[in-house]
Structures are given as C-alpha cells and as structure tokens.
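Data first, discussion second: the structure below is written as structure tokens.
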Amino acid sequence: VFILGSAVIGLAGAMLTTLDGQFTPVGYNPLRFTFLIWVMVIIGGSGNNWGAIIGGFFIWFFWIEAEPIGLWLIETLTSRMAQESAVRAHLLEGAAHMRLMTVGIILLVTLRYAPEGLIPEKKRQ
C-alpha cells in the first residue's frame, strides 16, 4: 500500500511540475492543493467514492463562480459610494477573496447540518 501511495504521489508531483513548468517551494499553494481537496471530500462524504466526486464538482463550481459573483455583489453594494472612496477601492480589491469565504461558509453549513457529507456512507447490517 505504501509503495502504491508513493507511486501515485510521484505521478501527481510530475503532473504538477508539468502544469506549472517548474517546481519550487514557493510555487506550492497549500490552499489550492490540499485544503480544497479535503473540503471536497468532506462535503461529498468521505464514506464512498460517489460522495467525493459529487463534493469535488460542487466545490469546484463554487470555487470558480464565487469570484465573479462576489465582484458583482460588492460592485452593487458599493455603487452609491464615491468612485474615489478608499473603502470602495479596498472592498473591490478584496472581491477575489469571496471564494474563500464562500467555501468556508459551505463547509460550516455542511458540517453543521450534514456532518457525514452530502452522500453519507451506507450503513452495514
């Protein structure tokens, strides 16, 4: 099992290097490569493969869509502020971080109301 896991991780490292073009410690983003994977599995349900797949698609969708929706929301909320307002500029610059807040809220709500995930593990009798 350890050898198989090591082979999978080695393959993943090769794919990451191919994607980024280089492998440096600075290039590794734990949020992107570790935290999101854990959230996908937790949301979907760690007890079965379909839950992890559904959780992956669910979190991926919100990760992609949260930034443009957050930007639209902040632009709408700050539309009555002066264009040169420092508060407005700060809020617009921080709109990209709406995706982190969205994923955090989804994780909290799921853990509160469905702690076993969207598709829980089947009970064995």
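Here, each number is a calculation from the coordinates, and none is a lab measurement. The model shown is predicted, which means the values in this text are computed figures rather than measured ones. Note that each Cβ is placed from the backbone with ideal geometry, even for glycine, and that neighbours are counted across all protein chains shown.
Under the criterion of Cα pairs below 8 Å and six or more residues apart, the relative contact order for region 29-113 equals 28 percent. Sequence-distant contacts, meaning Cα pairs under 8 Å at least 6 residues apart, place the relative contact order of region 23-73 at 24 percent. Given +1 at the Cβ of Lys and Arg, -1 at the Cβ of Asp and Glu and no other charges, the dipole of the chain around its Cα centre is 460 debye to the nearest 20.
The separation of region 96-125 from region 12-70, counted between C-alpha centres, amounts to 15 Å. Exposed loop sites here mean trypsin sites (Lys or Arg not before Pro) with a DSSP loop assignment and at most 12 other beta-carbon atoms within 10 Å; the chain contains its longest site-free run at 1-79. In the chain, the DSSP-assigned H stretches of four residues or longer account for a calculated mean residue ellipticity at 222 nm of -21500 deg cm²/dmol, using -39500 (n - 2.57) per stretch and the full residue count as denominator. Computed over neighbours whose Cβ is under 12 Å from that of SER46, the net charge equals -2, Lys and Arg +1, Asp and Glu -1. If you filter region 4-95 for GluC sites (Glu not before Pro), then keep DSSP loop positions with at most 14 other Cβ within 10 Å, what is left? Answer by residue number: GLU84. When every Cα-Cα distance of the chain is counted in 10 angstrom steps from zero, the calculated P(r) takes the values 12, 28, 30, 21, 8, 2, 0 percent.
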